[in-house]
Each structure stands twice: as structure tokens, then as C-alpha cells.
Amino acid sequence: MALVPMRAILEAADRYRYGQAAFNMNSFGQIESAIRIHELLGSPAILQGAEASNAFMGGELDFMHGSAEGKRKGAKNIGDIVKKFGADSTIPVALHLDHGKTLESVKACIDGGYTSVMIDGSSLPYEDNVALTREVVKYAHPYGVTVEGELGVLAGVEDHVFSATSTYTNPLQAVDFFKKTGCDALAISYGTCHGPNKGKDAKIRNEIAIAIKECIQHEGITGYLVSHGSSTVPQVYVEQINALGGKLVDAFGIDVAQLVEVAKCGINKINVDTDIRLACTRNVMRLFTKYPELKNSPSIGAVYEAMAANPKNVDPRNYVASVMDAILYGQEKDEDVSRLMQCMRDGVVDACAPLLVQFGSFRKAHLVELVTCEQMAERYQKAGI
Ligand SMILES: [Zn+2]
């Protein structure tokens, strides 16, 4: 069937009290591999593209300063790849915009086939955040597309998300936000942190999630809660990368045991990005260590050079400029490129599979209602949201 709106996947996670991971995607092979591992584990899938991912997948190497045109092209490319592997899948698949900043980005994503969008107005004054989110809901719901907002400020650094301090989400304000905007899901600030340097003892404040969920339920609101900045940064990856020549310092994530608990505290979706970057980068470093002749490969030698020049970097987007046909379109022109891409595909499996099991979404695909965006649009219309 067609891709499902993210709301359908969150509904099942909420009803059956398991955590649903959402993974950020930045290449053709990663998407192919992510859908495959969700299928093998019988898990629903939420794949995400951030604004920078859209620019990158539109072919822009300066993806942190992507153009509107590049983002539009990349959103369509990501949408096409997810449909290629997900449309006839045995599992429900949703494609979600992570940290959308403008209505323009939202429109580009919906045009490109996304079935869910986030609008992040958390850095704006409260009333402006409400107004922007409401505007996006009014645009997206007639397409049956899910909308996630954000309230409260997370510490940390992620694509286009910078904040030095954290301000926890106020539960009463969350109720007001759901009521005024009509959004489906809300990213809350409760102790998690963006990026690979979360500090050694990052502590999730479950009571904040519980309080928000209780408050919205008392008001009769059906709303889903999202945990951002929830990469686990497996220390085994960090050690392996550093043993292979990487220079990662203070790279810590959220303890998996804490994330396993959050699903029981009202959190429905758990965002993970950094773990995949780490696993892919480790695999590529291993490849060049095991087969040093590849460092001089005409097709992927430049990848090695770019990695060696920046041993603190773990983001594959910063070292794959020479193989963009493979990254964007899956065009693997020779055996060396195929081996590199296999590192990316394997990295996704390595990073995602354990979390699908630990968060509890494996063998839950059949619990998700197979609703289309068109059907969801009718429901919104009837409910007046
Ligand atoms: Zn985030």
C-alpha cells in the first residue's frame, strides 16, 4: 500500500505502549537497508529527513546552508526512494520531515511524498510558535499529513538546531499548545540533548513526560509525545572508531535502559540519528583499514582522503562527495563503490536493529491501522482539525 501518515504508527505505539524509533536517512542505500531491517523484524517504520538531509539529497554539498530549490529536489528524491522500497512493503512506512523551519519546507516535503512534517518553532516566542504551527496544521491536514510541533528547548547541536541551555516543557503550556494548534504530536524537552556530546550522565526526567501526557488526557486531547536527541551513542562504536584512527572526545548518548522506560511514561516516538552516522563511519574506516589498496581507488580513494583529513567527523555526508551518484540514486558504478555503499547499508542494520527490539516495536507492524493520507484527511475534516 501507499505510505501511511505517521499518526497511524504513533496511535499503535501509544495504544500498545511500546516505543517507536524514528531514524534519520541520508542516502539511497540507507533507506533501502532501513526498510529491509524493519521488514525483517516486523516493525512499523518511521524514516526521517531533516532540512539538511533534503538539501544533501538534492545534491547540495553545502547542505547546512541548503537552498530552497535544493531542499525541494532532495525532498522529492527521498520521497521517491522511500516509495520505491516502502510502497509495496509488508510493513507500514511513514516519511517524516525532522525539524522543518518554514511553511515553504513543509510544502516541498508534502509535494515530495512526505506523509508527516515537523514544524519546529521552539526557538520563537510562545505565541509565534503557536501561530506558525497552526499555519502548518491548516496546510498539512487537508493532505492527511501528520504534524509534529516542538515546545521547550533542548540543549545540544544537531542539524540546524543550536541551543546552549535546556528549558523543560511546561505541561500546562503543552495542553494549551495542542488545543490552539491542532497538531498531532509534540516534541518535548525533558532531559535529552541533540548531537553526539550529551554528557556522560544525561538524565531523562520521565516525570515531565508523565505530567504532560496526564494533562492532555484529562483535557480529552489525543496527542503523541516525541523524544528528540535520543541517540544512544554506543560506546563500543566510539571505541572502535578511535581505534581505527578517529578522534572522538566526550561522545556520549542516552542510556538505552532509560529510553526503554520512556514508552511507559507517555513517549511514543524516539528519534535516533547519531548512532547511524557512527556505525556507517566505523564500517567505512574498517573497509579502508582491512583493504588499504582501496585508499588509492580511482572511485573511492577521495572518500578516504576526506575522512583522514577530518578524524573528528562522523557524518558520512562530509566525506562522500566523490560518490554522489551512488548516495543520491543508488548508481554504483564499480565494485569499489559497491563495497563502500555496503558499509552504509550494514551500518543502518547494526545501529537500528537492536533499538527496534529494545524499544519494543518489533513484531508490531500488524497493529498499525493501514490508513491512507486521503482517509486521514477526511477524518481531520470531520473532526474540524
Ligand atoms: Zn531533534
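With the simple model of a label 7 Å out from the Cα in the direction of the Cβ, Lys290 to Gln331 spans 2.9 nm. Taking GluC sites (Glu not before Pro) across region 322-385, the ones in a DSSP loop with at most 16 further Cβ atoms lying within 10 angstrom of their Cβ are Glu369.
Label sites at Asp80 and Asn310, each approximated as a point 7 angstrom past Cα along Cα to Cβ, lie 2.7 nm apart. Quick check: Cα centre of region 254-290 to Cα centre of region 98-128, how many Å? Using only Cα atoms to place each centre, the spacing works out to 24 Å. Excluding residues fewer than 8 places away in the same chain, name every one of the lysines whose C-alpha is closer than 20 Å to that of Lys247. Candidates past the 8-residue exclusion: Lys198, Lys200, Lys290, Lys295, Lys312.
Mean separation of Cα pairs under 8 Å and 6 or more residues apart, divided by the residue count, gives region 6-383 a relative contact order of 22 percent.
Once divided by 2.2 N^0.38 Å, the Cα radius of gyration of the chain becomes 0.93.
The calculated 222 nm mean residue ellipticity attributable to helices in the chain amounts to -14500 deg cm²/dmol, summing -39500 (n - 2.57) over DSSP H runs of n ≥ 4 and dividing by all residues.
Per-peptide packing, taken as the mean over residues of other Cβ atoms within 10 Å, places 298-309, 106-117, 72-83 in the sequence 106-117, 72-83, 298-309 from highest down. For the chain, DSSP calls about 10 percent of its internal beta bridges antiparallel. Dividing the alpha-carbon radius of gyration of region 193-319 by the rule-of-thumb value 2.2 N^0.38 Å gives 1.36.
Looking at the P(r) of region 1-125, how many percent of alpha-carbon pairs lie beyond 23 Å?
Details: 2126 of 7750 pairs.
Roughly 27 percent, rounded to a whole number.
The translational diffusion coefficient of region 85-206, from Stokes-Einstein at 20 °C and 1.002 mPa s with a Kirkwood hydrodynamic radius over alpha carbon pairs, comes to 141 µm²/s.
What is the angle, in °, between the Cα long axis of helix 28-40 and the longest principal axis of the Cα atoms in the chain? Nearest 10 is fine, range 0 to 90. Tilt relative to the chain: about 60 degrees.
Note on Leu103 and Asp176: with the Förster distance fixed at 30 Å, the Cβ-Cβ geometry gives a FRET efficiency of about 0.85.
Mind checking the per residue accessible area of the chain for me, 1.4 Å probe, whole number of Å²?
Working: 14870 Å² over 385 residues.
Dividing the accessible area of the chain by its residue count gives 39 Å².
A simple spin-label model places pseudo-atoms 7 Å from Cα toward Cβ; at Ala68 and Glu261 they are separated by 4.6 nm. The fraction of accessible area contributed by carbon and sulfur in the chain is 53 percent, rounded to a whole number (1.4 Å probe; ligands and nucleic acids excluded).
Taking the C-alpha atoms only, the angle from helix 6-15 to the longest principal axis of the chain is near 70 degrees.
The values are calculated or read from the model by the stated rules, or taken from the named source; none is laboratory data. These figures come from a predicted structure and were not determined experimentally. For neighbour counting, all protein chains shown are included, and Cβ atoms are generated from backbone atoms with ideal geometry for every residue, glycine included. The area values use the complete protein model at the heavy-atom level, side chains included, leaving out ligands, DNA and RNA. Shrake-Rupley method; radii C 1.70, N 1.55, O 1.52, S 1.80 Å.
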